[in-house]
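A.B. asks: One structure, pasted below without further comment.
The values are calculated or read from the model by the stated rules, or taken from the named source; none is laboratory data. Bear in mind that the values here come from a model prediction, so they are computed numbers and not experimental data. We place every Cβ from the backbone using ideal geometry, glycine too, and count neighbours over all the protein chains shown. Quick note on the areas: whole protein, heavy atoms, side chains included, nothing else; ligands and nucleic acids left out. Shrake-Rupley method; radii C 1.70, N 1.55, O 1.52, S 1.80 Å.
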Amino acid sequence: VEVDLDRFTQAYHSTKFMDPFTRRSFISVLRHHIERHSQDVHLTVARQRSDQRIVAGLATIDYVDISQSGHVIAFIHPDAQQTSVGVGLIDHWFTRCLHERMKFLHFGLLRRNSDPGSWQAYTNFKRQFHLHEILYPKPVFRIVWPK
């Protein structure tokens, strides 16, 4: 089901994954988009049937003008880690995007060798849905001093 930002935020923070600063930063990105184009932000959660407790969530943002939907936040409560609830959330996202004729689904960044090892499991989860990965070259910076 889709929920408001308060419910999504509360469930997301209850997982205690990542540090609080990073979690708050992701939520602030969502808040920014909701303030500007709330109709394009989708906060979807999965609840347990028995007690309606939120055990997983997925936040996506649609960019209708370029026919793209982007993955912003996903979480699974530790109690539900050994379930396939994440697959159900991605399937719901796919189905919604097909219905709305979105052509491109963007899963966000994948772990590179220089990234924290804790990202690998989530990268593996994302890769099972991908057909194509786009590898960007490492950026080159040039420092230019004003004359």
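A.B. asks: Using packing as a proxy for protection, rank 85-95, 112-122 so that the peptide with the highest average count of other Cβ atoms within 10 Å comes first. Numbers along the way, then the final one.
C.D. replies: Details: 85-95: 16.5, 112-122: 10.2.
The packing order, highest mean first, is 85-95, 112-122.
A.B. asks: Kindly report, to the nearest 10 Å², the accessible surface of Leu58 as traced by a 1.4 Å probe over protein heavy atoms only.
C.D. replies: About 10 Å², ignoring ligands and nucleic acids.
A.B. asks: On a full-extension model of 0.36 nm per residue, what is the gain between Trp145 and Ser114, subtracting their alpha-carbon distance, rounded to one decimal in nm? Could the numbers behind the result be given before it?
C.D. replies: Working: separation 31, 0.36 × 31 = 11.16 nm, distance 2.92 nm.
Extra length from Trp145 to Ser114 when fully extended: 8.2 nm.
A.B. asks: Hydropathy at least -1.0 by Kyte-Doolittle, axial extent at least 20 angstrom from the Cα trace: which helices of the chain, defined as entire DSSP H runs, fit?
C.D. replies: Numbers: long enough: 20-37 (25 Å, -0.69); 85-99 (21 Å, 0.60).
Those that pass (Cα extent of 20 Å or more, hydropathy at least -1.0) are 20-37, 85-99.
A.B. asks: Oh, and also: Considering only Val29, Val72, Val45, give the residue with the highest GNM mean-square fluctuation for the chain, with springs between Cα atoms whenever their separation is below 10 Å.
C.D. replies: Result for the chain, Cα springs under 10 Å: Val29 fluctuates most.
A.B. asks: I'd like the accessible area for Asp40, computed on protein heavy atoms only with a 1.4 Å probe and all protein chains in place. Round to 10 Å², please.
C.D. replies: So the heavy atoms of Asp40 present about 30 Å² to solvent.
A.B. asks: Ordering Arg53, Arg23 by accessible area with a probe of 1.4 Å, largest first, what comes out?
C.D. replies: Values: Arg53 75, Arg23 20 Å².
Correct descending sequence by accessible area is Arg53, Arg23.
A.B. asks: Relative contact order, percent, of the chain when contacts are C-alpha pairs under 8 Å separated by at least 6 residues? Spell out each step's value before the answer.
C.D. replies: Values: 153 pairs, mean separation 24.9, N = 147.
It comes to 17 percent, rounded to a whole number.
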